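Shown next, in structure tokens, is the structure this report addresses.
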Amino acid sequence: MVVRTLGAPSVLPVRRALGFIALLAIIASASAAEARKVAVLRFGGVHGSGARAKIASALRRKHSVLEATAVPDACADLGISMSKGRNLARCAQKVGATAVIGGTTKAHKLTLVVFSGKTGNVIGSGRVRWSSFPSRGMVGSAMRLINRALRKAPRFVGHRPKPRRSTPRRTQRKPDPPDEPGGLTFEPDDVGSDSGSKGGGSPDGLPSIPNEDPLDSKGPAKAKPETSKPNASAKKEGGSTEPGDPRAYATAGLGTWFRTFSINQPTESRWDKGYTSGAAFIFALEAAVRPLAFFLDGFAAGIFARLRFQHTIGLKSGFKDKSKGTGEMLSTSISQFIIDLGYSWNILGKADSPRVEFGLGYGMLDFSIDWGSLSADQQIPSTAYRFVLIGVGGSYPFTSFASGKMPLAASLRFDYRIVVDAGGVVADDQPGFGPSSTGGLALALGLKSGYGGIVFGIEYTYTRFFYAFSDTQDRVDQTRQDPSNPKPAAGGALDEMHAIFVSGGYSF
């Protein structure tokens, strides 16, 4: 008989499992040790807010990121200005930031500067390629620059209590070493400004930092507290939310349109009452783009192209059929198409800034009636305006809702229209009134808002065309000489249109 002895289970797999768990714990602790609390300030430049949002989002994958106003608010609480060196270190330590990151965008470049939260000095700076829609490679280059600098930053900084400025120090502290070139201008109202801002520029093209510390020159007892708060726009993250700021938008709307056409001193009684359309539904489309804003900053980014289209829906006009003695309802259409080019000026250079625009364009506005069986007795001339317009306008944001995420702006636009043709009204044959000096204008008032990429608004438009007929007396004389071929005549005419509509769309 063979007896088999069952040995004790092997401990080797258990040891391997315990070793693997210990290794994971070491890796996790090392990773946690590398994670830091970082302050990312508001970035300067036209696309600075979007660049800051990208950098902050990438940093949050590994680090804790403070709000853009955390360090400026800490400086305001301490009553000191935010400048490189000891002041910046004190502000960073108050909020526990081991590093402070500033930046600015200009000419397809993103300039980054990283400061130590312990000393307030520069521990890394550089410039990377950037655009309004940065690629993963651009963001990766920026993060490599930042990560190299963060390796030099402390892993933890302590909080320092607010100094008692009422008691002067008995000993004079040694001044901070001279500032190195490079970095950003740290001012409570202009964090991350360009090299042309206060503080001058450095030889390598990076913005520079003022070489002064108020606490060094005057001492803590005489330091003038900085009472101004950071600019309100510094609290905004991500892209612009002001409705007039997008690089492109498209909207569609519905509303009502009302038209009156009156004749001044007509020679025929049928024109005594003129024409009134009554209210009709209107469908409106509008789209605009600032094409160079996708690639360039500065002046060229304000050039825009815009298209506007409006068309009535279900409009009918009532006329009397003289042969039958009955009334007829005839299909009527009013359409307007305008395309213009211009420049939009951001007055303050911020997303929530008032804007002024001016431009030049070409437009068409047609009014036509399907006369059908009444074509032989057409009682009103058709109009086909062709005009060159000179426009000026603007928008002014005056309030906001939902914690600033839904700004409300008032808009105003005025067009003067140089009419090159008016269609049947100025025709020599019936029912036209002959040659005329014709002009036009349009005034639009509106309110607009938006949330994220969604935009919506309401607008009222008043349009008028005015006529001064030049052959009135000649046409009256021709009618007297040949009554069988009468020539309609009048002193002038006025064509007025009112429209109000609500619209909504998307911008980016």
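The values are calculated or read from the model by the stated rules, or taken from the named source; none is laboratory data. Everything numeric here is computed off the predicted structure, so don't read it as measured data. We place every Cβ from the backbone using ideal geometry, glycine too, and count neighbours over all the protein chains shown.
Taking residue 92, is it part of a helix (DSSP H, G or I) and under 30 Å from residue 292 (Cβ atoms)?
When the stated conditions are applied, residue 92 does not pass them.
Of the conditions (1) farther than 27 Å from residue 392 by Cα; (2) not in a helix (DSSP H, G or I); (3) not polar (S, T, N, Q), residue 425 satisfies every one except a single condition; which number is it?
(2)
Considering each residue of the range 442-458, count those that are of a type in the set (A, V, I, L, M) and over 22 Å from residue 497 (Cβ atoms), and give that number.
Qualifying residue count, the range 442-458: 2.
Hey, among 15, 61, 42, which residue is more than 30 Å from the chain's Cα centre (by Cα) and either at pLDDT below 85 or not in a helix (DSSP H, G or I) (or both)?
That would be 15, the only listed residue that is more than 30 Å from the chain's Cα centre (by Cα) and either at pLDDT below 85 or not in a helix (DSSP H, G or I) (or both).
Inside the range 326-372, can you point out the residues that are acidic (Asp, Glu) and at pLDDT below 85?
328, 352, 370
In the range 428-445, which residues are part of a strand (DSSP E or B) and either crowded, with 20+ Cβ neighbours inside 10 Å or among the hydrophobic types (A, V, I, L, M, F, W, C) (or both)?
436, 438, 440, 441, 442, 443, 444, 445, listed by residue number.
Looking at (1) modelled with pLDDT of 80 or more; (2) in contact with a helix residue (DSSP H, G or I) (Cβ under 6 Å, 6 or more places away or on another chain); (3) crowded, with 20+ Cβ neighbours inside 10 Å, which is the one condition that is false for residue 176?
(1)
With (1) part of a loop (DSSP other than H, G, I, E, B); (2) surrounded by fewer than 14 Cβ atoms within 10 Å (Cβ to Cβ) as the list, and residue 488 as the residue in question, which single condition is left unmet?
Condition (2) is where residue 488 drops out.
Filter the range 297-313 for residues that are of a type in the set (A, V, I, L, M, F, W, C) and touching a residue at least 12 places away in the same chain (Cβ under 8 Å) and give the result.
If the condition is that a residue be of a type in the set (A, V, I, L, M, F, W, C) and touching a residue at least 12 places away in the same chain (Cβ under 8 Å), then 301, 303, 304, 305, 307, 309, 313 are the ones that fit.
Any residue at all in the range 72-87 that's without any contact (Cβ under 8 Å) to a residue 24 or more places away in the chain, polar (S, T, N, Q) and part of a helix (DSSP H, G or I)?
No, because not a single residue in the range 72-87 is without any contact (Cβ under 8 Å) to a residue 24 or more places away in the chain, polar (S, T, N, Q) and part of a helix (DSSP H, G or I).
Kindly provide the set of residues from the range 476-508 that are under 30 Å from residue 455 (Cβ atoms) and hydrophobic (A, V, I, L, M, F, W, C), ordered by number.
497, 499, 500, 501, 502, 508
If I go through the range 415-468 residue by residue, how many of them are among the aromatic types (Phe, Trp, Tyr) and closer than 19 Å to residue 358 by Cα?
Residues that pass the stated criteria total 2.
Out of the residues in the range 95-134 that are in a strand (DSSP E or B) and hydroxyl-bearing (Ser, Thr, Tyr), state the one that is farthest from residue 153 (Cα to Cα).
Per the stated criteria, the residue is 105.
Does any residue in the range 148-166 that is closer than 16 Å to residue 120 by Cβ come within less than 7 Å, Cβ to Cβ, of a residue that is at pLDDT below 50 six or more places away or on a different chain, and which pairs are these?
Final answer for the pair search is 163/220.
Exactly one condition in (1) modelled with pLDDT under 90; (2) part of a strand (DSSP E or B) is not met by residue 459; state its number.
Against the list (1) modelled with pLDDT under 90; (2) part of a strand (DSSP E or B), residue 459 comes up short only on (1).
Could you check the range 45-58 and list, in sequence order, the residues that are in a helix (DSSP H, G or I) and either among the basic types (Lys, Arg) or buried (at least 19 other Cβ atoms within 10 Å of the Cβ) (or both)?
Within the range 45-58, 48, 49, 50, 51, 52, 54, 55, 56 qualify.
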